[in-house]
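Report on one structure; see the data block that follows.
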Amino acid sequence: MKKSFVLTLFLSVATLASFAQQDKSKRPSPPAVVKQTISSGATVTIEYSQPSVKGRTIGGEIAPFGKVWRTGANEATIFEVDKAVKVEGKALAAGKYAMYSIPGEKEWTIILNKAWDKPINTYAEAQDVLRAVVKPAKASAAMEKMTFKIDKSGKVSLMWGNIVVPFTVK
């Protein structure tokens, strides 16, 4: 009885470990990383998974308006800066953060949360270090996969579907 329990426990741990080590490139929402040294000298890195629109409505079936969203797929999007910066004029210390957002038709709230290494769906508002409200714009061309772009000026753009959500890092 004891041996079967230990064997079951071992197999469960081994299964979880192999699941955690799976090849991220084989997921339906592929991984992506964007990195840029901005004009202030800070390096901004965003590591995320790219959900696809697939005919769904942003704000409806995906990234529902008015609800906290992990701003990506699979696991938390990681926003990292190697020096202290200002995001939309608000101070942010160097470090790694989980990036969430609250999508909206007329405004999006960008959220940086200190619990970057937690499992998905464990968002806790008490861990927020920064919130910034920004205005989305209509994209010039539709983007099927969610994509981040960082300009040298420090303008970060989340582009997805027919929406662009810009915010500044200086």
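Observations, loosely collected:
- Of the residues making up the stretch 130-153, those that are under 18 Å from the mean Cα position of the chain (by Cα) and either part of a strand (DSSP E or B) or under 18 Å from Ile78 (Cβ atoms) (or both) number 13.
- Subset of the stretch 110-144 (residues that are more than 17 Å from Tyr100 (Cα to Cα) and buried (at least 17 other Cβ atoms within 10 Å of the Cβ)): Met143
- Residues that are touching a Ser or Thr at 6+ places or on another chain (Cβ under 6 Å), crowded, with 20+ Cβ neighbours inside 10 Å and in a loop (DSSP other than H, G, I, E, B), drawn from the stretch 44-79: Gln50, Pro51, Thr71, Gly72, Ala73
- Some residue of the stretch 154-166 being under 20 Å from Ser49 (Cα atoms), in contact (Cβ under 8 Å) with a residue 60 or more places away in the chain and in contact with a Ser or Thr (Cβ under 6 Å, 6 or more places away or on another chain): no
- Reported count of residues in the stretch 81-118, each being basic (Lys, Arg), assigned to a strand (DSSP E or B) and over 17 Å from Ile46 (Cα atoms), is 1.
No value in this document is a laboratory result; all are computed from the given coordinates. Please read all numbers here as calculations on a predicted model, not as lab measurements. Quick reminder, even Gly has a Cβ in these numbers, built from the backbone with ideal geometry, and neighbours come from all protein chains shown.
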